[in-house]
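Engineer: The structure under discussion is supplied below as structure tokens; questions concerning it will follow.
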Ligand SMILES: *[C@@H]1O[C@H](CO)[C@@H](O)[C@H](O)[C@H]1NC(C)=O
Ligand SMILES: *[C@@H]1O[C@H](CO)[C@@H](O)[C@H](O)[C@H]1NC(C)=O
């Protein structure tokens, strides 16, 4: 059955107001009939149902996967729907109790003491990680020099110990920034998942100074919401960094801070200093507060680059995380 398009109906009704209502209705009826006939040989893809809600986590503790699915509704002659019928995401339950048997070990151990290789001999099985396919249940016969592959591991099994990826339907998938396994979605330079690098600006400042001044020079203000902050500095002096509250994070009040990692504006600021006159500051951001970069007077050159929010009034929205 074809669909009546509302705008088409409006047009018929408004342009023929003087015609008898019966005639109008007849026209509509014929038009609908024509649509029905066309509908029988409909082309194009079918339509997805809504997603069914996410399943429970596949594990009972620690990390697992959850899945949701939808169905494709197709009229005769329609093509399959575009897109995936299943989506998988990681789920994280409270950590497993210490000493709990890891998921893959458990799956191998199911074959312990069972005749499995076509003989009556039995073995104790432990995971074997040297085989090519990470998502097969490859188990080593303890005390022997062979392993056996018992097919795929269950969904939600880690691809290897400590790995980010988990096996889903025999494939090792890791989560994109949208949380979906295998989506491949990445954060753009501005921290937006799947973004096009267009919600922030690249700001670069070069500072040169040879003036005499009793206090600290303001090099630049790094605004709240900045990411990928890089500062390089070369002089006899040291860069100073002040938080939005007016307190120094680094090298303030004429005291020298050692190289290292400092907490400031909600991010880690990594400060390095060469034996020579070079020093650098780096922070991933996003920063939760303004940072003021300064240098004590003297001969110096400073440089910094950062991706700063394009429009300060919408900072909050642009500092997107995950
Ligand atoms: C965004 O910028 C990064 C680094 O400059 C680049 O690798 C990536 O392809 C860009 N993404 C888009 C969508 O332009
Ligand atoms: C540097 O900037 C701070 C904050 O904006 C301001 O209070 C201070 O007066 C400035 N110092 C100089 C030397 O311009």
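The values are calculated or read from the model by the stated rules, or taken from the named source; none is laboratory data. On a predicted model such as this, the values are computed, not experimentally measured, just so you know. Heads up, the Cβs are rebuilt from the backbone with ideal geometry, glycines too, and the neighbour counts pull from every protein chain shown.
Engineer: Would you be able to say whether some residue in region 137-156 is more than 16 Å from ligand 1 (Cβ to nearest atom) and modelled with pLDDT under 90?
Structural biologist: no
Engineer: Let me ask another. Select from region 177-191 the residues that are within 12 Å of ligand 1 (Cβ to nearest atom) and surrounded by fewer than 17 Cβ atoms within 10 Å (Cβ to Cβ) and list them in ascending order.
Structural biologist: Residues satisfying the conditions are 185, 186, 189.
Engineer: Just checking: which of the strands (runs of 3 or more DSSP E) contained wholly in region 258-300 hold 2 or more residues that are in contact (Cβ under 8 Å) with a residue 40 or more places away in the chain and more than 16 Å from ligand 2 (Cβ to nearest atom)?
Structural biologist: Fully inside region 258-300 and qualifying: 278-283.
Engineer: Now, a different point. Can you tell me which condition residue 97 does not meet? The list is (1) more than 29 Å from residue 183 (Cβ to Cβ); (2) crowded, with 18+ Cβ neighbours inside 10 Å, and all the others hold.
Structural biologist: (2)
Engineer: Does residue 196 meet the test of being within 16 Å of ligand 1 (Cβ to nearest atom), modelled with pLDDT of 85 or more and surrounded by fewer than 11 Cβ atoms within 10 Å (Cβ to Cβ)? Steps first, answer last, please.
Structural biologist: Numbers: within 16 Å of ligand 1 (Cβ to nearest atom): yes; modelled with pLDDT of 85 or more: yes; surrounded by fewer than 11 Cβ atoms within 10 Å (Cβ to Cβ): yes.
It is true that residue 196 is within 16 Å of ligand 1 (Cβ to nearest atom), modelled with pLDDT of 85 or more and surrounded by fewer than 11 Cβ atoms within 10 Å (Cβ to Cβ).
Engineer: Got a number for residues in region 271-284 being within 19 Å of residue 220 (Cα to Cα) and exposed (fewer than 15 other Cβ atoms within 10 Å of the Cβ)?
Structural biologist: Total meeting the criteria: 2.
Engineer: Among the residues of region 66-76, which ones are exposed (fewer than 12 other Cβ atoms within 10 Å of the Cβ) and assigned to a loop (DSSP other than H, G, I, E, B)?
Structural biologist: Within region 66-76, the subset exposed (fewer than 12 other Cβ atoms within 10 Å of the Cβ) is 73, 76.
Residue satisfying the conditions is 76 alone.
Engineer: Something else: Kindly indicate which of 129, 88 is loosely packed, with under 14 Cβ neighbours inside 10 Å and modelled with pLDDT of 90 or more.
Structural biologist: Exactly one of 129, 88 is loosely packed, with under 14 Cβ neighbours inside 10 Å and modelled with pLDDT of 90 or more, namely 129.
Engineer: Still on this structure: Restrict the check to region 217-227 and report whether at least one residue is crowded, with 17+ Cβ neighbours inside 10 Å, out of contact with any strand residue (DSSP E or B) (no Cβ under 6 Å at 6 or more places or on another chain) and in the same structural domain as residue 289 (by the TED database).
Structural biologist: Scanning region 217-227, I find at least one residue that is crowded, with 17+ Cβ neighbours inside 10 Å, out of contact with any strand residue (DSSP E or B) (no Cβ under 6 Å at 6 or more places or on another chain) and in the same structural domain as residue 289 (by the TED database), so the answer is yes.
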